[in-house]
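Read the structure below first, then the notes.
The values are calculated or read from the model by the stated rules, or taken from the named source; none is laboratory data. A quick note: this is a predicted structure, and the numbers were derived from the prediction, not measured. Every residue, glycine among them, receives a Cβ derived from its backbone with ideal geometry; neighbour counts consider all protein chains shown. Keep in mind that these areas ignore ligands, DNA and RNA; they rest on the heavy atoms of the full protein, side chains included. Shrake-Rupley method; radii C 1.70, N 1.55, O 1.52, S 1.80 Å.
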Amino acid sequence: MPTIEWQSAQGLPSFSYVCGYCGNPLASALGWSASFVKGGSRHSFGRIYVCHHCSRPTFIDSSDGKQTPGFSFGEPVKNISDKDLNAIYEEARTATSAGCYTAAVLCCRKLLMHLAVAKGAKEGDTFKRYVEYLADNHHVPPACKGWVEQIKDAGNEANHVVKMMNREDAEHLVSFCEMLLKIFYEFPAVALARNGGKTN
């Protein structure tokens, strides 16, 4: 491995990214660059950019453009009253961003089962029945019925078939969970606040 040489903090070519620490989108031009010599030529190793929101560093690998730390896929959901449910959702987002797609799908599977029981489904039922329960009882918009089938199939494959999940599987499922959590928690809280705290 050639010796990596880091230069002093300096102005860099502006780079747009989403900070993996604070979640803010930005374009930074402050940080450090590194290079190495191979075959008599100097090659770029990577750059560290500094977020001007939280002042934390993000590494961008020159070989593949990979960002470390990556930013969590999807959006945070406000007003989730169940701390464990929120933790499972955030874990799924983090796992997706880290490339741990099978782990993310399994987190979402657990989240959907939890949500179904919270909405009246019987404990100890199958994952298939939980997903069907959410759709059959109109907790999922009718136009998303086909999406529900795909989620059900992906969740069953992740848990029962010797098959690794991919990025599309994980992002699809996290997006679905985000939508449901917003419907169950965030949107009702916004409506309640706009109605002065009155439920009707």
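For residues that are open to solvent by 70 Å² or more (accessible area, probe 1.4 Å) and part of a strand (DSSP E or B), scanning just the stretch 14-32, find the one that is modelled with the lowest pLDDT. Across the stretch 14-32, the extreme among qualifying residues is 30. Inside the stretch 87-99, residues that are of a type in the set (A, V, I, L, M, F, W, C) and in contact with a helix residue (DSSP H, G or I) (Cβ under 8 Å, 6 or more places away or on another chain) make up a count of 3.
Being within 25 Å of residue 182 (Cβ to Cβ), out of contact with any Lys or Arg (no Cβ under 8 Å at 6 or more places or on another chain), among the charged types (D, E, K, R) and loosely packed, with under 13 Cβ neighbours inside 10 Å holds for only one residue in 84, 64, and it is 84. Taking the stretch 33-82 as the range and being of a type in the set (Asp, Glu) and not in a loop (DSSP other than H, G, I, E, B) as the test, only 61 passes.
Taking helices (runs of 4 or more DSSP H) as the structural unit, those lying wholly within the stretch 114-194 and holding at least 1 residues that are touching a helix residue (DSSP H, G or I) at 6+ places or on another chain (Cβ under 8 Å), at pLDDT below 85 and open to solvent by less than 30 Å² (accessible area, probe 1.4 Å) correspond to 127-136, 145-160.
Here residue 50 qualifies as surrounded by 13 or more Cβ atoms within 10 Å (Cβ to Cβ) and more than 20 Å from the chain's Cα centre (by Cα).
For the structure I just gave you, tell me whether residue 95 is buried (at least 21 other Cβ atoms within 10 Å of the Cβ), of a type in the set (A, V, I, L, M), assigned to a helix (DSSP H, G or I) and within 15 Å of the chain's Cα centre (by Cα). So residue 95 passes the test.
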